[in-house]
Amino acid sequence: MPLGSVLLAFVIGAVIVAATGGNPFSAYAALVCGGFGIGCTQGENPALQISNTIVFLIPLITAGVAVALPFRAGLFNIGAEGQLLAGSIACTAVGIKFSSLPAPILLPMVLISGMIAGALWAGVAGVLKATIGAHEVVTTIMMNYIAQWLLRYLIIGGPLQLAAGTSKSSPIGAGARLATILPNDNSLFIFGLPSSVFRVHTGLFIALAAVAVFAFLLWRTSLGYEIRAVGQSQKAARYAGVSVRRTIIVTMLIAGAFSGLAGAIEIAGVDHNLTDKYFTDTTGFDAIAVALLGLGSAVGIVMAAVLFGALHAGGSVMQADANISGNLVFILQALILFSIAANFVGAIRQRIPGLGRPTALPPQMPPAAPLMTEAATPPAEA
Amino acid sequence: MSGLGDVLHLLITANLWQATLAAAVLLLLPALGGTISERSGVVNIAMEGMMLTGAFFGVAADLAWHNPWLATGVAMLAGALMASIHAFVSIQFRADQIVSGIAINIFAAGLTVFLINRIYGLQDVGHIGQDALLPNLNIPGLDQIPFFGKVLFQQNVIVYVALVLLVLIHLVLFRTRLGLRIRAVGEHPQAADTAGINVFAIRYGAVITSGLLSGLSGAFLAIGISNTFVPNMTDGRGYIALAAMIFGKWTPFGAFVACLIFGLGQAIYDNNSIIHVSPYLLSMLPYLLTLIVLAGLVGRSTPPAADGLPYVPGSE
Amino acid sequence: MVHKRFRFLGVAALVLLVAMACGGSSGGGNTKQYKIGLVTDIGGLNDKSFNHLAFVGLEKAKTDFGVKDDVTESHSGNDYVPNLTSFASKNYDLVIGVGFLMQEAMGTVSGQFPNIHFAIIDGAGTDASGKDLGHTNVQSLFFKEQDAGAMVGVIAGWLEKNGKAKTNAHVIGAVGGISIPPVNHYIAGYKWAAMMEDPMIHVLVGYSNDFTDPAKCKGVAKSQIDQKSDVEFQVAGGCGLGVLQQAGQSGVYSIGVDADQKDADPSVIASALKKVDVATYTAIKNVVNGQFKAGALTFSIANDGAGYSVDNLTLPAELLTELKTVQDKIRAGTLTPPADIP
């Protein structure tokens, strides 16, 4: 993980805080407390903070994969949020409709429905890209909005609404719920709090398994080879006999499945119903930063997800304790992105002799692509 | 079907189209900016962030100085500053332009709320009095024309400015030497460089212009239509402007048509008190329409050839 | 002999002084500082109505009772549970949740911390299906918004009936945020009362689907005004300020909500009041006095928890009389505004 970029971002962030009259030290101390439960001074429970961080990072892992995989094929998946929503919607709908089914059947059903919905959502963009070269940035953004409005339609006065006047859905059946890792018991005390307070759920293991699947897929299968070949050069891949069109479509389908899974896990593990929380959810966008920071590797994605999950959890504590707006977290995120994209650290190293060779740009950065690519003229191959 | 009848009935009212034009202009300004930027070869998806930044600083300035014109200038400057970050990172450091664009949007969203907290604390950002907003202006005489008078000549001052800019930018891009240079830089930067055109300067200028235009749109939103700043008040309009730009094949008038379609969607939605179709399903239409139109663009549109590729002098 | 008496007096005076000093600093013998946590809804404290009023109540309690107050703004539905849990886990004396959207979170967290007192405005601690869990550590503060809505509906209806508004086509409008019960109660009372005053009235009801962005509400209001609405009632929090703004620009009347919004725009002729500040203050006062009581507390016209204010327009005497009559009848129970939109 490009640590230099992260550090640089935090330094610039500190300058911004200080320049506007804030105290960067207390801000960052609060972030560390909120994210990792270390050094808390206002009575926050460390185990609770860590639990919150983990809850936030679980969807970021699979969503991060959903962005990282297409990167390898030279595609930019900004539609992870919409695909995630599609997955949440499918998971909820199935979880409500079949709520009486027992867990061994219902749980896989809702998760798979989520993956299918997400895949379809991304597939639209994949097909448009492969056939007529429409840039996935635009098509996936459109799909994001369609998902948003579909969600509103469904839970405000629509078929999934719980009861008149609420803006949320009915809850999914008990069989569709992912168990919490600690017992969901109000009277069992662990770490000084009732164990039900710790919302960490088994979706964590699913997410970790998913990222392992991603790594296996990318490096140990012929499909993965094709994906990477297309990402390096579509022309060369074609000469090598790879069907660029098919690869693009399949890549987007798989990516969508990962995002949809993230959405389904979030419903099955945390919310158990669709709520207005998704009107302002930013997971899909955070996932872009996760994928980039993680340099597209499985371990990197997990570590980056930990960082951003911690930032999210830390943001509320920073607001309450240090009176710095939680939005500083977004500023830091953007700075990290700038830093990686522009390779500031590399440039700094170049200018300061003795700091070592400049590091090259992460090789899996998507080649900067125009908004309609060479695939706009459909190649003669099948 | 009563719902469809309601909508059709609405479509023949002048009020609807008046609202449509205003909503379209809000999208048109950033779309024009994006067009200029992309024509010069720099992918720019940061309109959302530049617009939001412009909106915030426009409101802050207007609250401080009670002068909407000055505030608009501040808003445009703020947009330009955001754009210059994108330009610097993309052109100088040759960063991936899409990543940089997204980073700008995240940065702007975070920075504006962060600054609200720093400057105004937990208090209201404040509302600007009627007298310090960008005014609506009825063009005397012309505004009495039936139907069109209301739609075209009873609008906010910025709408007129935007329509003028639309024509101006079209003329500059396609009928002046400057426009030729911009397009040359976007198509064949190496050849342009050889011919003595300063590629970097043109690109910087184009990106900063997109910032100015997006900032202007932010000012229109915050101190022309609304009277305060609200976190995320641009609500994705910058991204829609991006779609409009592509929809319009990187031409100003093409983008305008697309903006009108999106504006129409917004205007119809606002009428949800009197139409009996689900406003949520209605709201999906502009996006579905974009996808359909994009699907129909096969082979018939190409972006500037060097769009998105950082220029390395002396390469190739 | 003189020395002794003086010395005695001196000691007595000293003892008296010490006694006075001790008595003064302990302020009645109770030195506990209560910690109150307030979790706002996503509208934030800048909405000039709902969350803002809760904050006002909190601040007043801080002045009167010296409580330590902490506020956390929720940025999305994701934050409700963590925010409530954070205060509860730090053993705050009262954790207040603002808003109907927080019900389920309140139900969950109040179950996990049975020894912490909670209060929620506009809701109860519920399970995922919306069923009240009846936790004994949760006090629900409900409002009969329809009472307040009815009062301003009387004004709107009366003005239309007697031709005292701009277009007088017997059309008025209401712009809601999202179609949730607190919003719809207001609109229900408004429509019911307007119909009572003016049988020919037509009430346009629209939703902006937003509680924060004024531009959105402005568009919906304009559409209603284009349909000849003379009075625009905003029920959309911070977004609704755009309704007031549009009314002013179009030269029609507007009505504010929750708090007295007469300064928001000159077109505001009345505001439907929901005394969230009073409710918040009362909840805190109960805790400070050791009188926390679980269950529902309903604020309405009958106990002055809801009402109306007359703002930037001098109303005709007959209208004022009518308002008093209606208010008395509602108070007495002979007139009951409905909770659902007729």
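No value in this document is a laboratory result; all are computed from the given coordinates. Just so we're clear, the structure is a prediction, and the values are computed from it rather than from any experiment. Glycine also receives a Cβ, built like all others from the backbone with ideal geometry; neighbour counts cover every protein chain displayed.
Laid out as a table, the results:
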{"item": "Selected from A:Ala27, A:Ala164, A:Ala147 as most flexible by GNM, with chain A as the system and alpha-carbon contacts under 10 Å", "result": "A:Ala164"}
{"item": "Per-residue HN-Hα couplings for segment A:121-136 [Karplus 6.51, -1.76, 1.60; θ = phi - 60°; Hz; x = Gly/Pro]", "result": "4, 6, x, 4, 5, x, 5, 4, 5, 5, 8, 10, x, 5, 5, 5"}
{"item": "Lysines whose Cα lies under 17 Å from that of A:Lys129, excluding same-chain neighbours fewer than 8 positions away", "result": "A:Lys235, B:Lys249"}
{"item": "Translational D in µm²/s for chain A (Stokes-Einstein at 20 °C, 1.002 mPa s, Kirkwood Rh from C-alpha pairs)", "result": "99 µm²/s"}
{"item": "Within straight-line cross-link reach of C:Lys32, lysines at Cα separation under 29 Å, skipping those fewer than 8 residues along the same chain", "result": "C:Lys60, C:Lys62, C:Lys68, C:Lys90, C:Lys275, C:Lys285, C:Lys293"}
{"item": "Cα-based reach from C:Lys35 at 12 Å (exclusive), listing aspartates and glutamates while leaving out same-chain residues under 8 positions away", "result": "C:Asp69, C:Asp70, C:Asp93"}
{"item": "Phi-based couplings in Hz for segment B:134-146 (Karplus 6.51, -1.76, 1.60; Gly and Pro marked x)", "result": "5, x, 7, 9, 8, 6, x, x, 5, 6, 8, 4, x"}
{"item": "Amide H contacts under 5 Å for C:His202, placed H, 5+ residues apart", "result": "C:Val171, C:Ile172"}
{"item": "Of B:Tyr204, B:Tyr160, B:Tyr280, the one that fluctuates the most in a GNM where chain B has Cα springs shorter than 10 Å", "result": "B:Tyr280"}
{"item": "Interchain or long-range residues, amide H under 5 Å from A:Asp281's placed H", "result": "none"}
{"item": "Karplus 3J(HN,Hα) series, Hz, for segment A:82-90 with 6.51 cos²θ - 1.76 cosθ + 1.60 (x for Gly, Pro)", "result": "x, 5, 4, 4, 4, x, 4, 5, 4"}
{"item": "In nm, spacing of pseudo-spin labels at A:Thr221 and C:Phe65 (7 Å Cα→C-beta vector)", "result": "6.1 nm"}
{"item": "On Cα atoms only, tilt of C:241-250 relative to the major axis of chain C in degrees", "result": "40 degrees"}
